[in-house]
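Peer 1: Take a look at the following structure, please.
The values are calculated or read from the model by the stated rules, or taken from the named source; none is laboratory data. Source: prediction; values computed, not measured. A quick note on method: Cβ atoms are made from the backbone with ideal geometry, for glycine too, and the neighbour counts reach across all protein chains shown.
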């Protein structure tokens, strides 16, 4: 159980310190509520509009493509771990590389398809286009 | 020499081809494909006659045509041993006789339909003739089936066809619901049948009707301890066979419209009248009785089943007959009489009178087809009016119809020497001699006997109201004439209704001692040809009954039995004569209750009549109430309970996905908790 | 992640070419899966090369060729006896993560045939659609996942394959992006699917915690003696049942099914309710027989799982049939009927008794039922696809008189309905008959009885469709029936023919299925 | 060495928190996050018992689960996107056009 005492102590300290600091400062500080303190900090600018805005869908597409590579890395990881020991054990190089290459190849097909179908073309959103044309008109 | 048995599949195939032709090209053919149907059924009829002759010359035939599933060589295959599911044909005296009956009636119905459907300008004739063709083909397939599974499949097809034909006039409100009811009620029975088929396979590993490896023979051996049949829960073989027999009987009761599954049949009158004739005389309703006769070797092994068959049959015979008393419509009366007559056949089968049942099946096929076609002719003449109170006096206008209808009615009522007398008398005789040692059977006999005068009464009430007296409406005064295609079939059947009884004049033989005039007995006993395990004396040996006689011997018993039933039938006829064979039958009856100042004797008679009428009407209407209220109530109740609970169940599906997540969680949690407690996981 | 073990493999007698000169290498046993994967990638490549093609005929042909190749391969292997005990037993690949045996090949054949029908029919359903390329590749890749699911014999491969099926399915259901029904269905499918796959993988983790292995054979060995961890393993098994129930649309995870089948594009509904369901059953059959001792003498973690499945089967079929009886829309009725049929198929897991002599027969009958169901249900949904394409309407009333304007397809639909109801002349009767008979022989009378009663009820709502099509009078809406989509028609007719041809051809089907199932219990 | 029961408890706790989120959140994204919690509860088990049994399969499988979870989220967000386009909300209880 001694392990648990250490973990418990760590937890107590970890929770205690921030609580303590907040408590102490609450006791010491003067309380002057003011509207300006409640506004969102926007580098000194007066904030306009809502924080909830719609992002262009392109961000989402890029994030999704990122995910492809993300998954690729995660799934290659076990392969990397086993690569060296297997090589030392005398497994032929081709046999080791082939599964990985097949895997990356499949991913590449998907990526190329997405690319070709316009997933990474940074098209302006209709809204941005409208704003642009509005601005250009006198 | 050309072998008739090689053409047995063609008997089934010909009507099927006419079905296909009518379906595909009926629109382009004259008369909507009627001639194709007539030609096909005539061809089948001729082939059947040839088969009959071949059997008479000492032939019999069983052949497997096609094996569609064989579990040969699979480990853990279905059943106690290897099973083959096959199609095949079995021709023995019974099926050969039935083939002739079915094809004859089907042919006549096709001809009659020319008059009933074509001449009346009905629409959708190709559909009608296609249905008739398929119906006939299914029934013929059922008749020649050499195993229970094949029989079941054609049995189902027969049910399907009846659905299509009863609902022929689907644009009116009545027929579709009648068709649905017929289909559902018979299917209810069929599900028992299906389970029974499975059970037969499970028990014997085969479902063939004939041969040393057939299931009736195996059952016989199993009861003798020579064959080890599989039974569930370690039941006794006899008990289990009773259960299996009752399951299969479920199908027969549904199709043959026996109590309590008879309710579909009166409604089925919504179909075109020739279809009613076909259904009642030769095909669908006959299928149930034929099924029991076909596997009779199995039923005779289990006394309980026999007793139940007999009792259900006797009860149905009486019950349906009383309901026939109060019907106003021509076809309704005939419908109840059909139920009643099939009750007689069941009674005969249950009483060990195998030959008597087949005999009555045959004579009934002739005279009931005759009556229905006669009713059809009347309906044509009356411009599709079916209420008997609107008729009257048709005797002079429709002589052919009248005389043939009268012959059929006499046969139905069991009046000497018409066909129905001989067969009904033999049934009652068998029930009596076997029933003297079996109280239950005696009860069934008593009900059958009581039904005799009732039958005669309602039959002749029908005849008198329709044909005698003065015409009660303008239509009845000037009926529509009927043509050769109506008269022809009526004449053929009329002759048969008169003479068909002569094939089996057992009472004459017994009383006068003339040997060899009980042709049907000899026929079904394999005297000419057939399988030894499918003969009537083999059944009699297996059967549970012994014969007893009254008044000191066989001959007096025969005479007394025949005399009593004839007297009762004549009594019923006479009562009908008294009440309805007058110019204005309705007024006459009404006057009886109101007149106070009449002579003592008359008063006494009338009082009795009114009271009798009141009592029987009460019984009849009570039976009718039971019929409509309880049986239909149960059927409707079950379906509405299903629908209501279905509605409750679907309300769970709220469309809100988080509810689904919650229910899913609840379900899995519930499973974990229940199984955890059961499996002791949390200890 | 499977680096192939340096093979110390037995002689490859089990592969088809044994009769020929040189046996095929062992990896070719995965041929059907590989054919589907290759077709999927080829579809993507085709779409890459011609991204703006307006016609989808080529795509449809590629997909159909791929799935037909998979069907042919699996059929060939089945005929040659690959993976049967008689020819050297099941072939295992990738350190036993994949097993090719009769079961795998049988279900691969089901999936491949359904996929073929669906991709052919989609040619007309998706005509004038903007981006059909992704539709076809998703269908074919999902089919590859299903085939893999049928062959997976490690919990890891099972989960991966399950997700390979699920993820494309979510996208396929929501494929009609402008259609609110399709989107709603996609959302519901996704949310319920995500939750149940999380439950499923948690179940796997608990089984792993109790046994220390993900391979089914090792799990089976460890289940013999679990000690204190029996409870953990038991909860894990129940959670895995939830995962299977999701794939097969059985109680208690059936809630998604009505909405999804109703809202999804009809070919997708056909695909999910036939192929996806079959694949779910394939893996459930394998996992419970190979890992959890279903039908064995040892009862894993103190529970007779067959009884659990029996209860689920009864509830599933009753619920599905009762709810189907009160529907007003044909597609939703079929959706509920699909739940009902999941209940029938569950009998294959339920009517199993320890050491029962007919275990193989029951499970084989269930497999055969799924086979027949693959054709009749796909056909029925494709008929609905055709009606949707005509724009006739969705309710029973809208179907009135269709028989007058589209007789061929209506005959086919009649065949499907009667076969689904289990009427004798059609394939559905035989499979149901064998299923109930097997249950009876294994001592599960009551299960067969409930099944039979449900079949009676089902006849009611199936015949409503037939009645509407043939008997009721046509309405004006039928004016919309203006075209004869060839491919869709063809697929419907082929499915109908298959449903009928199963009648004489039922022998080989049931024999193959029973042999495959018996091998599992062997 | 921490006893394995505690891992089971921790995993169960995380799983239940995720499940709670699934049952109470109506916002689609929260729903997704809750599902992620449930998946990761499984990962805790895999990793912990992988170490306990000295068997690498569990750890590798947890990587697979993570990857699949990522793929699931990708699909999920796509569906939520079309949900927003069609219904104008991301509340999962709003679409209920089909029921009963």
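Peer 1: Go through (1) in a helix (DSSP H, G or I); (2) surrounded by fewer than 18 Cβ atoms within 10 Å (Cβ to Cβ); (3) within 14 Å of chain B (Cβ to nearest Cβ) and name the single condition residue D:96 misses.
Peer 2: Going through the list (1) in a helix (DSSP H, G or I); (2) surrounded by fewer than 18 Cβ atoms within 10 Å (Cβ to Cβ); (3) within 14 Å of chain B (Cβ to nearest Cβ), residue D:96 breaks only (1).
Peer 1: Still on this structure: Determine if region B:647-666 includes at least one residue that is farther than 25 Å from residue C:329 by Cβ and more than 7 Å from every other protein chain (Cβ to nearest Cβ).
Peer 2: yes
Peer 1: If you don't mind, there's one more thing I want to ask. Of D:21, D:58, D:78, which residue is touching a helix residue (DSSP H, G or I) at 6+ places or on another chain (Cβ under 9 Å), within 14 Å of chain B (Cβ to nearest Cβ) and either free of Cβ contacts under 8 Å to residues at least 24 places away in the same chain or not in a helix (DSSP H, G or I) (or both)?
Peer 2: Exactly one of D:21, D:58, D:78 is touching a helix residue (DSSP H, G or I) at 6+ places or on another chain (Cβ under 9 Å), within 14 Å of chain B (Cβ to nearest Cβ) and either free of Cβ contacts under 8 Å to residues at least 24 places away in the same chain or not in a helix (DSSP H, G or I) (or both), namely D:21.
Peer 1: Also, I was wondering about something else. In this structure, does residue C:368 turn out to be assigned to a helix (DSSP H, G or I), within 13 Å of chain B (Cβ to nearest Cβ) and crowded, with 24+ Cβ neighbours inside 10 Å?
Peer 2: So residue C:368 passes the test.
Peer 1: Let me ask something else. How many residues does region B:394-408 contain that are under 21 Å from residue B:366 (Cβ atoms) and crowded, with 20+ Cβ neighbours inside 10 Å?
Peer 2: 7
Peer 1: Quick check: is even one residue across region C:208-229 outside any helix (DSSP H, G or I), in contact with a strand residue (DSSP E or B) (Cβ under 8 Å, 6 or more places away or on another chain) and within 7 Å of another protein chain (Cβ to nearest Cβ)?
Peer 2: yes
Peer 1: Sticking with this one: Please state which of the following conditions residue C:73 fails to meet, knowing it meets all the rest: (1) within 30 Å of residue C:133 (Cβ to Cβ); (2) modelled with pLDDT under 85; (3) in a helix (DSSP H, G or I); (4) more than 14 Å from chain A (Cβ to nearest Cβ).
Peer 2: (2)
Peer 1: Still on this structure, please answer the following. Here's a check for you: in region C:412-461, which residue that is facing another protein chain (nearest Cβ under 8 Å), more than 23 Å from the chain's Cα centre (by Cα) and in contact (Cβ under 8 Å) with a residue 60 or more places away in the chain is surrounded by the fewest Cβ atoms within 10 Å (Cβ to Cβ)?
Peer 2: C:443
Peer 1: Out of D:11, D:69, D:42, D:48, I need the residue that is in contact with a helix residue (DSSP H, G or I) (Cβ under 7 Å, 6 or more places away or on another chain), in contact (Cβ under 8 Å) with a residue 24 or more places away in the chain, more than 30 Å from residue B:659 (Cα to Cα) and buried (at least 21 other Cβ atoms within 10 Å of the Cβ). Which one?
Peer 2: On the way: D:11 fails: more than 30 Å from residue B:659 (Cα to Cα); D:69 fails: more than 30 Å from residue B:659 (Cα to Cα); D:42 fails: more than 30 Å from residue B:659 (Cα to Cα).
Only one candidate passes the filter, namely D:48.
Peer 1: Would you mind finding the one in B:99, B:132 that is in contact (Cβ under 8 Å) with a residue 60 or more places away in the chain, over 17 Å from the mean Cα position of the chain (by Cα), surrounded by 24 or more Cβ atoms within 10 Å (Cβ to Cβ) and part of a helix (DSSP H, G or I)?
Peer 2: Details: B:99 fails: over 17 Å from the mean Cα position of the chain (by Cα).
That would be B:132, the only listed residue that is in contact (Cβ under 8 Å) with a residue 60 or more places away in the chain, over 17 Å from the mean Cα position of the chain (by Cα), surrounded by 24 or more Cβ atoms within 10 Å (Cβ to Cβ) and part of a helix (DSSP H, G or I).
Peer 1: Anything in region C:148-196 that is within 23 Å of residue C:118 (Cα to Cα), more than 9 Å from chain D (Cβ to nearest Cβ) and in a loop (DSSP other than H, G, I, E, B)? List them, or say none.
Peer 2: Passing the criteria: C:175, C:176.
Peer 1: Is region A:90-105 home to any residue that is at positive phi, within 11 Å of chain C (Cβ to nearest Cβ), surrounded by 10 or more Cβ atoms within 10 Å (Cβ to Cβ) and out of contact with any helix residue (DSSP H, G or I) (no Cβ under 8 Å at 6 or more places or on another chain)? Steps first, please.
Peer 2: Taking region A:90-105 and keeping what is at positive phi, we get A:90.
Filter again for within 11 Å of chain C (Cβ to nearest Cβ), leaving A:90.
Within this subset, residues satisfying the condition of being surrounded by 10 or more Cβ atoms within 10 Å (Cβ to Cβ) are none.
No; the residues of region A:90-105 include none that is at positive phi, within 11 Å of chain C (Cβ to nearest Cβ), surrounded by 10 or more Cβ atoms within 10 Å (Cβ to Cβ) and out of contact with any helix residue (DSSP H, G or I) (no Cβ under 8 Å at 6 or more places or on another chain).
Peer 1: Turning to a different aspect of this structure: How do the helices (runs of 4 or more DSSP H) wholly within region C:408-522 filter down when requiring 1 or more residues that are more than 20 Å from residue B:195 (Cα to Cα) and out of contact with any helix residue (DSSP H, G or I) (no Cβ under 6 Å at 6 or more places or on another chain): which remain? Walk me through it before giving the result.
Peer 2: Numbers: elements: C:427-441, C:445-466, C:486-501, C:506-521.
The helices (runs of 4 or more DSSP H) meeting that bar are C:445-466, C:486-501, C:506-521.
Peer 1: Sticking with this structure for a sec: If residue B:353 satisfies all but one of (1) over 26 Å from residue B:436 (Cα atoms); (2) crowded, with 24+ Cβ neighbours inside 10 Å, what's the number of the condition it fails?
Peer 2: With (1) over 26 Å from residue B:436 (Cα atoms); (2) crowded, with 24+ Cβ neighbours inside 10 Å applied to residue B:353, the lone miss is (1).
Peer 1: Which of the numbered conditions does residue B:566 fail, given that it passes all the others? Conditions: (1) in a helix (DSSP H, G or I); (2) under 30 Å from residue B:54 (Cα atoms).
Peer 2: (2)
Peer 1: Residue by residue through region A:75-89, note down the ones that are under 25 Å from residue C:48 (Cβ atoms) and either away from chain C (no Cβ under 11 Å) or modelled with pLDDT under 85 (or both).
Peer 2: A:75
Peer 1: Report whether or not residue B:281 is touching a helix residue (DSSP H, G or I) at 6+ places or on another chain (Cβ under 9 Å), modelled with pLDDT of 85 or more and surrounded by 23 or more Cβ atoms within 10 Å (Cβ to Cβ).
Peer 2: The answer is no for residue B:281.
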